[in-house]
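Report on the structure given below.
The values are calculated or read from the model by the stated rules, or taken from the named source; none is laboratory data. What you are looking at is a predicted structure, and each value in this text was computed from that prediction instead of being measured. Note that each Cβ is placed from the backbone with ideal geometry, even for glycine, and that neighbours are counted across all protein chains shown.
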Amino acid sequence: MIIDCHGHFTTVPASFRNWRASQVEFANDPANAPALSGAFVSDDEIREGVGNGQLKLQQERGSDLTLFSPIAGLMSHHLGNERTSLEWATISNDLVRRVCDLYPDNFVPVGMLPQSPLAPPKNSVPELRRIVNELGFVGVNLNPDPSGGHWTGLPMTDKSWYPVYEALCDLDVPAMIHVAASCNVCHHGTGAHYLNADTSVFMQLLQGDVFKDFPSLRLVIPHGGGAVPYHWGRYRGMSLEIANRPLEGLLDNIFFDTCVYHQPGVELLTKVVPVKNVLFGSEMIGAVRGRDPLNGQYFDDTKRYLDGCTALTDADRHAIFEGNARRVYPRLDALLKSRAQQTEAA
């Protein structure tokens with residue numbers, strides 16, 4: 001089985017985006033805010049967006065299952081207020097659950113949290129528990145910068161984040177570190193802000209002791225880890241000098257996906273980072289949607305790059321495509337085992 005750990009519902013209908021824009025516009029005027037029912041997306045609209053989008057490409061490119069979450073850019077925790085963030089997270093998570101109910105063999109749900117720049121991280125814990133305990137989500141996206149590119153909050157090593165980590169460990173689900181849209185004109189969203197965040201959070205974790213306090217916490221850093229694998233020596237040296245420990249000590253808790261959109265980058269990632277810490281991901285229909293004019297292939301067809309890594313063994317490929325995801329996402333593993341048992345019983 002080929003499991004894509006990084007998918008978003010980027011093909012939502014325009015009406016859903018319009019509802020969100022209206023919600024934000026009237027965030028401080030609840031009396032004139034749009035009704036929650038206005039955000040409803042029909043089954044036919046889901047089939048139009050996903051069926052002709054992510055599902056179609058999943059089948060064409062040869063993957064089997066995608067961990068599917070709300071569109072990252074639209075999380076936009078910096079917009080509105082804590083009330084609107086909770087409404088938006090609830091609506092978005094419920095919609096992802098419906099996608100997975102329509103296509104249970106192809107998508108498994110991962111959620112977003114109702115974070116807000118003015119709210120302590122602990123306020124997001126009830127929604128985290130709801131989506132895991134009540135809706136069967138296997139993971140969650142965690143935004144390290146709800147301010148949208150201004151980084152006004154505290155680093156992820158600060159103890160204000162600890163209630164979230166406690167809940168993640170209690171529920172036995174990982175978090176993917178994933179920012180949302182950038183409101184800072186200096187930082188392009190997907191080209192700079194995303195990669196800045198991936199790199200910045202890794203450095204924060206290197207400087208702190210989060211994993212001493214939460215040894216079972218698992219964090220996935222997407223987009224190939226930002227700059228991390230490509231400056232591995234820099235971080236190894238800093239880990240020894242700043243934290244007096246080998247960098248490899250973080251690798252029981254930190255994992256990287258393969259959302260790197262060229263062959264040399266994926267080859268370097270899989271040579272530098274231990275195979276056990278690499279999960280297949282594509283983020284397809286996301287940051288880069290077009291074709292490479294040099295070969296006519298889609299940039300975000302990351303399976304093709306892994307297929308081209310001649311240094312990988314069959315065991316390596318199995319780990320990256322399936323085994324690591326099932327280990328990092330134990331609720332996914334339990335779900336797949338349950339389905340297999342039901343199939344055998346039938």
Please specify each residue of segment 78-102 satisfying the condition of being of a type in the set (K, R) and more than 17 Å from E48 (Cα to Cα). R83
Sort through S124, S182 and tell me the only one that's crowded, with 23+ Cβ neighbours inside 10 Å and in contact with a His (Cβ under 9 Å, 6 or more places away or on another chain). S182
Which ranges mark the helices (runs of 4 or more DSSP H) fully within segment 154-231 that have 2 or more residues being in contact with a Leu (Cβ under 6 Å, 6 or more places away or on another chain)? 162-171
Is it the case that some residue within segment 142-160 is hydroxyl-bearing (S, T, Y), in contact with a helix residue (DSSP H, G or I) (Cβ under 8 Å, 6 or more places away or on another chain), crowded, with 22+ Cβ neighbours inside 10 Å and touching a residue at least 12 places away in the same chain (Cβ under 8 Å)? no
So, of the residues in segment 96-149 that are of a type in the set (D, E) and outside any helix (DSSP H, G or I), which turns out to be farthest from Q342 (Cα to Cα)? D145
In segment 204-220, which residues are surrounded by fewer than 20 Cβ atoms within 10 Å (Cβ to Cβ) and closer than 15 Å to P144 by Cβ? Q204, Q207, G208, L217
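Working only within segment 311-346, note down all residues that are of a type outside the set (F, W, Y), outside any helix (DSSP H, G or I) and modelled with pLDDT of 95 or more.
A311, L312, T313
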Residues within segment 34-45 that are in contact (Cβ under 8 Å) with a residue 12 or more places away in the chain and surrounded by fewer than 20 Cβ atoms within 10 Å (Cβ to Cβ), tallied: 5
Residue by residue through segment 46-91, note down the ones that are free of Cβ contacts under 8 Å to residues at least 60 places away in the same chain, of a type in the set (S, T, Y) and either surrounded by fewer than 19 Cβ atoms within 10 Å (Cβ to Cβ) or in contact with a helix residue (DSSP H, G or I) (Cβ under 6 Å, 6 or more places away or on another chain) (or both). T90
By residue number, the members of segment 97-118 that are out of contact with any helix residue (DSSP H, G or I) (no Cβ under 9 Å at 6 or more places or on another chain) and under 15 Å from T11 (Cα atoms) are C100
List the residue pairs whose Cβ atoms are under 6 Å apart, where the first residue sits in segment 17-31 and is surrounded by 11 or more Cβ atoms within 10 Å (Cβ to Cβ), the second is among the polar types (S, T, N, Q) and part of a helix (DSSP H, G or I), and the two are 6 or more positions apart or on different chains. Q23/T84; F26/N32; A27/T84
